[in-house]
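To start, the structure itself, in structure tokens.
Where a number appears in this text, it was derived from the coordinates with a stated rule and is not lab data. The model shown is predicted, which means the values in this text are computed figures rather than measured ones. Heads up, the Cβs are rebuilt from the backbone with ideal geometry, glycines too, and the neighbour counts pull from every protein chain shown.
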Ligand SMILES: N[C@@H](CCC(=O)N[C@@H](CS)C(=O)NCC(=O)O)C(=O)O
């Protein structure tokens, strides 16, 4: 299998399946394409976006679909929780991440290499931040007793929310204690550290994903 991703500094959608692959040490080749070379991506893939997982003649686009495929291909990894109610909630929060939080996406782009001091969020983006903390609290309190992840064990829901942790870190968003603890668990994860190391070694700037706000280098 091969996973085609974008620049690791910026590509939140790529980070999701990449993290699942890296956390579990799956034998998946990684190919990186530049988000500055959109015509190259558009020529390769009909929908013109990354990530894409290639398995033989099969191409799977969209981060959620890729994660679902990996969970089905490797059932022992338990991408979704085993218990029915926990699994339904894990799917709900993952789908919510996939389909919502437009203000968060707009105002808090992922930029692993940078910290943006004194960054002001709109009320709509603050609402997104509040809702995400509500989700993390719900998952941790109701389903998280077996480990530091949203549903105890690392799973798809964590892959979906890991890029949000990077966004919050760059903007120094103030979080409640449960959310702070969850963010720390994500940042301490070896696979996340690998992603950050690779992101920080990139030198390419993707202007479309850069914020027009003073910044300090994190690495
Ligand atoms: N819904 C897709 C979104 C993928 C996406 O928007 N990828 C960005 C990179 S982070 C991209 O390829 N953008 C190029 C473009 O929109 O032209 C997913 O979940 O994978």
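Given C-alpha coordinates of the stretch 158-219, what is the ratio Rg to Rh with the Kirkwood estimate of Rh?
On the way: Rg = 12.7 Å, Rh = 13.0 Å.
Rg divided by Rh gives 0.97.
May I ask you to compute the full-extension gain from residue 85 to residue 24, defined as 0.36 nm times their residue separation minus their alpha-carbon distance, rounded to one decimal in nm? Each step should come with its number before you reach the end.
On the way: separation 61, 0.36 × 61 = 21.96 nm, distance 2.43 nm.
This chain segment gains 19.5 nm when fully extended.
Could you list, bin by bin from short to long, the percent of Cα-Cα pairs of the stretch 98-163 in 10 Å steps?
19, 43, 32, 6
Sort the following peptides by mean Cβ neighbour count (other Cβ atoms within 10 Å, averaged over residues), highest first: 193-200, 115-122, 26-33. Each step should come with its number before you reach the end.
Numbers: 193-200: 16.9, 115-122: 12.5, 26-33: 14.1.
Per-residue mean Cβ counts within 10 Å order the peptides as 193-200, 26-33, 115-122.
At q = 0.10, 0.12, 0.18 Å⁻¹, what is the base-10 log of I(q)/I(0) for the chain according to the Debye formula with one equal point scatterer per Cα and no solvent? Please give it to two decimals.
The computed values of log10 I(q)/I(0) come out as -0.42, -0.62, -1.44.
Return, for the Cα atoms of the stretch 84-199, the radius of gyration and Dmax in Å, separated by a comma.
For the stretch 84-199, the Cα radius of gyration and maximum Cα-Cα distance read 13.7, 43 Å.
If R0 is 30 Å, what FRET efficiency do you get for residue 73 and residue 197 from their C-beta distance, rounded to 0.05? If you can, show how the numbers build up before the last one.
Working: r = 27 Å, r/R0 = 0.89.
About 0.65, to the nearest 0.05.
Restricting attention to the alpha-carbon atoms of the stretch 22-106, what are Rg (one decimal) and Dmax (integer), both in Å?
For the stretch 22-106, the Cα radius of gyration and maximum Cα-Cα distance read 15.1, 44 Å.
Restricting to the chain, what percent of DSSP beta bridges are antiparallel, rounded to 5?
Details: 11 of 15 bridges.
Counting DSSP beta bridges with both partners in the chain, the antiparallel share is about 75 percent.
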